[in-house]
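Down below is the structure, laid out as structure tokens.
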Amino acid sequence: MRRERTMRWVLGIAAIAVSIVIFIVPFIFIVLQAMKTRQEASELAFSWPRQLAFVENLIEVITQRDYIVARAFLNSTILTVASVTLLVVIAAMVGYVMQRRASKIRTVANFFVLAGLIIPPAVVPTVWVLQTLGLFGTLPGLILIEITFGLAFSILLFRAFVSTIPRSLDEAAIIDGASPFRLFFAVIMPLMKPTVVTVIVVQSVQIFNDFANPLYFLPGDDNATVQLTLYNFQSQSSNQWNLLFMDILLITIPPLVMYIFFNRQIVAGMTSGAVKG
Amino acid sequence: MTAATTEVRAGRSGKARTLGVSRHAYPLWFYLPAAVLFLVFFAIPTFASFYFSLTRWTLFDQEFIGFENYVQFFREPQLYQGFINTLIYGFLTSGMKVVIGLALAVLLTSALVGRHFLRSVIFFPVLVSTIGVGIMFKALLDPFDGIVNGALETLGITGPGWLTDPDLALYSIIGIDVWKGLGIACLIYIAGLVAIPTEYYEAARVDGASKWAAFKSITLPLVKPATGTVIILSLIGGLRSFDLIWATTGGGPGFSSDVIGSVIYKQYQAGFYGLSTAGNVVLFVVVTVIMVPISLMLNKREVEQ
């Protein structure tokens, strides 16, 4: 018994030590690099900065090239908030009707949800569609793309949750004279709050961190997103490691805050694939 | 599987009971916004890609050239390499996530000190931007100044050029991918492991089974659904991968770490839209051909149980 307990402690401490080296040292490295002067950061050493330049780096990252990073943050925020808001409403409507009403459309919709999860989007034809609609290279165009690509996953989550809401509730509301519209938005939607939160958190992290879609569908510096500015910044000034890492630090903060506050919902959403059946 | 059948049953009985309510309460136009978006930005581009992949295409005009793009894709080594690398990348990341994810999950569900802390630590990289992770590892794996080779040097080993050696670059990126995505695999396995009744293990212990025997005949068969989910999720992600490769090596050195995703982007940048789209169709076929049998197989196994 006693031996087992010491074993447990030893193993636990060893595991913690290994995971600190493998998972935490890289993040400490980001912070250290962001605090160094340009010259010292270029040494790429894992050491406490000889000269602290945190504030200077912060100011320089934000103000350089006509505040491009600040504007990118604004763009990414608009993109994320708009996409996620619309995505939640649109996907919830589908998940709800899909679960409640058997119809031929449901069979088709089931197939499309599956296809949407698996099939990689056809990139250049999507550019072509956006260009035909006059939406290529615009923020609204990218918002519509992000909503579309997030649909399948969100619909699955909503559909699964609606099945836990008793139908008698719908019937009671209808008998009381609620319109279908009111039934959904005033009765069902509030009950779906846990799933709404999960979808919001998971999708906003995903869209905020998205790189490929802005790269293809929103080129140019004018409305670059944070991931794009980080990437461009890397290819333009590879020797300014301090600023590069300050930029990484800045764009890691929003997901980190999300994680701290919504830990449970994120985990529930991202592992929801495991709870099929 | 079971969810689908109960749902159908619930749907039927509900319909029989309240035919009128069902019609009025659940309007089909609720599908409309999603259907329009899906059709315009997903279905149409996907169908159009089959046609455009057979053309020489500049977005403004196109010329039908048959299968020339595909012939070129599989004949030119720099394009074909991307195809091979995609398979290596997909299967290797998926396999490693299964093995390491399960091992870690077993460790983290045992009565280990600090397991909650460890779970959050392992999961955190999932949330960090892929581009950020890529740049960070470029610094960590720098052949001369990087920490990793610095640490190896103190052990008397000369570290390789992780991302600059053509024979190694792809595998280094695979390692980074596993590092970043391990958290999801691990959490899925933890969810699966927690669902196994502890009585089974107690019975095995009473019967004198070793820990390894218990793992082999209790844990492994019972976490199969979780394994299926991990395989499917990581294969879908791995076969489509682009961001991480683009942020670390850009497909280089040469084209040694190119995957289909990066070939598509390179050809698009170079203005070969038809060829780029052919790459997209190849990716579509690869993903479908691999994913459909695997998901069928995994579903069948579950039914047999």
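The values are calculated or read from the model by the stated rules, or taken from the named source; none is laboratory data. Treat the numbers as computed from the prediction; the structure is a model and nothing was measured. Cβ: placed from backbone, ideal geometry, glycine included. Neighbour counts: every protein chain shown. Keep in mind that these areas ignore ligands, DNA and RNA; they rest on the heavy atoms of the full protein, side chains included. Shrake-Rupley method; radii C 1.70, N 1.55, O 1.52, S 1.80 Å.
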Problem set entry | Residues located in the range A:155-194, provided they are free of Cβ contacts under 8 Å to residues at least 40 places away in the same chain and surrounded by 16 or more Cβ atoms within 10 Å (Cβ to Cβ) | A:165, A:171, A:173, A:174, A:178, A:180, A:183, A:187
Exercise. Which numbered condition trips up residue B:155, out of (1) modelled with pLDDT of 85 or more; (2) surrounded by 14 or more Cβ atoms within 10 Å (Cβ to Cβ); (3) of a type in the set (A, V, I, L, M, F, W, C)?
Worked result: (2)
For this session: Examine the range B:204-222 for a residue that is open to solvent by 20 Å² or more (accessible area, probe 1.4 Å) and under 18 Å from the mean Cα position of the chain (by Cα), and state whether such a residue exists.
Result: no
For this session: Could you run through the range A:59-110 and say how many residues are crowded, with 24+ Cβ neighbours inside 10 Å and of a type in the set (Lys, Arg)?
Result: 1
For this session: Using the structure shown, decide if residue B:175 is without any contact (Cβ under 8 Å) to a residue 12 or more places away in the chain and either within 19 Å of residue B:89 (Cα to Cα) or touching a strand residue (DSSP E or B) at 6+ places or on another chain (Cβ under 7 Å) (or both).
Result: yes
Exercise. Since residue B:250 meets every condition but one in (1) at the interface with chain A (Cβ under 9 Å from one of its Cβ atoms); (2) under 30 Å from residue B:139 (Cα atoms); (3) part of a helix (DSSP H, G or I), which condition does it not meet?
Worked result: (3)
Exercise. Could you say whether any residue in the range B:160-172 is more than 24 Å from residue A:209 (Cα to Cα) and among the β-branched types (Val, Ile, Thr)?
Worked result: yes
Exercise. With respect to the numbered conditions (1) under 27 Å from residue A:224 (Cα atoms); (2) at pLDDT below 85, which one is the sole condition not fulfilled by residue A:72?
Worked result: (2)
For this session: Consider residue B:83 carefully, then state whether it is buried (at least 17 other Cβ atoms within 10 Å of the Cβ), of a type in the set (A, V, I, L, M, F, W, C) and away from every other protein chain (no Cβ under 12 Å).
Result: yes
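Rundown of residues vs (1) open to solvent by less than 10 Å² (accessible area, probe 1.4 Å); (2) more than 11 Å from chain B (Cβ to nearest Cβ); (3) in contact (Cβ under 8 Å) with a residue 40 or more places away in the chain, yes/no style:
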{"site": "A:197", "(1), (2), (3)": "no, yes, yes"}
{"site": "A:207", "(1), (2), (3)": "yes, yes, yes"}
{"site": "A:224", "(1), (2), (3)": "yes, yes, yes"}
{"site": "A:235", "(1), (2), (3)": "no, no, no"}
{"site": "A:240", "(1), (2), (3)": "no, yes, yes"}
{"site": "A:246", "(1), (2), (3)": "yes, yes, yes"}
{"site": "A:256", "(1), (2), (3)": "no, no, no"}
{"site": "A:260", "(1), (2), (3)": "no, no, no"}
Exercise. What number of residues within the range A:112-135 are aromatic (Phe, Trp, Tyr) and under 25 Å from the mean Cα position of the chain (by Cα)?
Worked result: 1
For this session: Starting from residues that are open to solvent by 10 Å² or more (accessible area, probe 1.4 Å), part of a helix (DSSP H, G or I) and not hydrophobic (A, V, I, L, M, F, W, C), keep the ones in the range B:126-149 and report whichever is nearest to the other protein chains (Cβ to nearest Cβ).
Result: B:130
Problem set entry | Matching entry among A:23, A:54 (being surrounded by fewer than 16 Cβ atoms within 10 Å (Cβ to Cβ), at pLDDT 80 or above, in contact with a helix residue (DSSP H, G or I) (Cβ under 6 Å, 6 or more places away or on another chain) and not hydroxyl-bearing (Ser, Thr, Tyr)) | A:54
Exercise. Applying the selection to the range B:47-66, what residues are open to solvent by 20 Å² or more (accessible area, probe 1.4 Å) and either under 30 Å from the mean Cα position of the chain (by Cα) or not aliphatic (A, V, I, L, M) (or both)?
Worked result: B:47, B:50, B:51, B:54, B:56, B:58, B:60, B:61, B:62, B:63, B:64
Exercise. Would you call residue A:20 β-branched (Val, Ile, Thr) and at the interface with chain B (Cβ under 7 Å from one of its Cβ atoms)?
Worked result: no
Problem set entry | Positions within the range B:113-125 being in contact with a Lys or Arg (Cβ under 7 Å, 6 or more places away or on another chain) and open to solvent by 20 Å² or more (accessible area, probe 1.4 Å), in sequence order | B:113
Exercise. Are any of the residues in the range B:258-265 facing another protein chain (nearest Cβ under 10 Å), out of contact with any Gly (no Cβ under 6 Å at 6 or more places or on another chain), open to solvent by 10 Å² or more (accessible area, probe 1.4 Å) and more than 22 Å from residue B:75 (Cβ to Cβ)?
Worked result: no
